[in-house]
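**Student:** Take a look at this one; I'll ask things after.
The values are calculated or read from the model by the stated rules, or taken from the named source; none is laboratory data. Everything numeric in this text was worked out from a predicted model, so none of it was measured. All Cβ positions, even for glycine, are placed from backbone atoms using ideal geometry, and neighbour counts span all protein chains on display. In case anyone asks, the SASA skips ligands and DNA or RNA and just uses the protein heavy atoms, side chains included. Shrake-Rupley method; radii C 1.70, N 1.55, O 1.52, S 1.80 Å.
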Amino acid sequence: MNLKDEDSEIFTKFAKLIQNRLKRYSEVDFTNPAPRNSPVFGDDKYLAGFPISLYVAHQATVAMENIASLWDLIAHERDGKVHLSVRGQGAFSIIRSSIEASAQAYWVLIPTLRWDRIKRRLALRVDENKHEASALSVWAHGASRNRSYSEYMPDTALSDNEVQETLNADLEKIDAKRARSYELAAATGHITEEDLNKASKQCGWVAVLGDIESYSNEFSSLRLQAIWRTCAGLSHGKQWAQLAYLDYDQIPESSQNGVSTYAISPSIPRLAEYGLAAIKLIDALLELYQFRTTPYNRHPPVLG
């Protein structure tokens, strides 16, 4: 699509920002464990196989990979030069995915108190177990629950009973993982079963992004949750999002009997604004993680 001069300038500036961040991301190293005597090092000791350090590394990597995918979507090399283009609403789906990946890890790191960070990490784990069990059940029985696996896969050698037995075994493993989260919570002496149940019901996207805005004036000013909602709407093809956040240009000489035809294109200013929010959230996550992995000063200087 042909861009207006001001849109072209915004798009080029945004592309350069992505290039800059991708270079910075390539230098991020999560291979080393959290330093001893740091807050996250202490957190991890209570979390057994679900350390916060590993969770942050995973989520941050996913978020950064999404920004790399955004670059692949808008930048195309031809004749030794990089050409920028954007079409459809795919970019907004990628931005949404990046926000979701980094938001969860950032949310875990926000609390000052160790027990609150651990509670949030375990709450997300319990919530993941619930969705994992639901997904497996749908694979076995179908979403309508009225079509057997053998009907769905007529060439399979598995009987319906064997499929059910396999499902039951997998669900038992998930129950064991869920129980382990409650054991770890109880072992802290600060997180009850009721606490964890409550927290696991308050870790949806709306709640997580709301907490982030409450914690950060910057993300409140950016309206991070509103950006995520809009990107989700565009990802799902919702008309309210399309009508509000895409650009419409009337096609010349298309009017007939009072009806005009319009060309729909992604809004470059919106794309840059929303992409910037996703990048800023990754920046904030890396910064907060660095702060939470800085060792405590066990011997503060004596004043006076």
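**Student:** Return the only residue of S220, S150 being out of contact with any Lys or Arg (no Cβ under 8 Å at 6 or more places or on another chain), at pLDDT 95 or above and polar (S, T, N, Q).
**Tutor:** S220
**Student:** Would you please list the contacts, defined by Cβ atoms under 7 Å and residues six or more apart or on different chains, that run from a residue in the range 119-136 that is touching a residue at least 12 places away in the same chain (Cβ under 8 Å) to a residue that is of a type in the set (D, E)?
**Tutor:** Between residues of the range 119-136 that are touching a residue at least 12 places away in the same chain (Cβ under 8 Å) and residues that are of a type in the set (D, E), the close pairs are K119/D195; L136/D170.
**Student:** Okay, moving on. If I filter the range 47-102 down to residues being basic (K, R) and outside any helix (DSSP H, G or I), which single residue comes out as surrounded by the most Cβ atoms within 10 Å (Cβ to Cβ)?
**Tutor:** So the residue we want is R87.
**Student:** For the range 200-221, does any single residue satisfy the condition of being among the small types (G, A, S), crowded, with 21+ Cβ neighbours inside 10 Å and farther than 17 Å from S102 by Cα?
**Tutor:** Within the range 200-221, one or more residues are among the small types (G, A, S), crowded, with 21+ Cβ neighbours inside 10 Å and farther than 17 Å from S102 by Cα.
**Student:** Residues in the range 104-114: is at least one open to solvent by 50 Å² or more (accessible area, probe 1.4 Å) and part of a helix (DSSP H, G or I)?
**Tutor:** yes
**Student:** When the residues of the range 238-262 are narrowed to those that are part of a strand (DSSP E or B) and of a type in the set (D, E, K, R), which ends up surrounded by the most Cβ atoms within 10 Å (Cβ to Cβ)?
**Tutor:** Going through the qualifying residues, I end up with D247.
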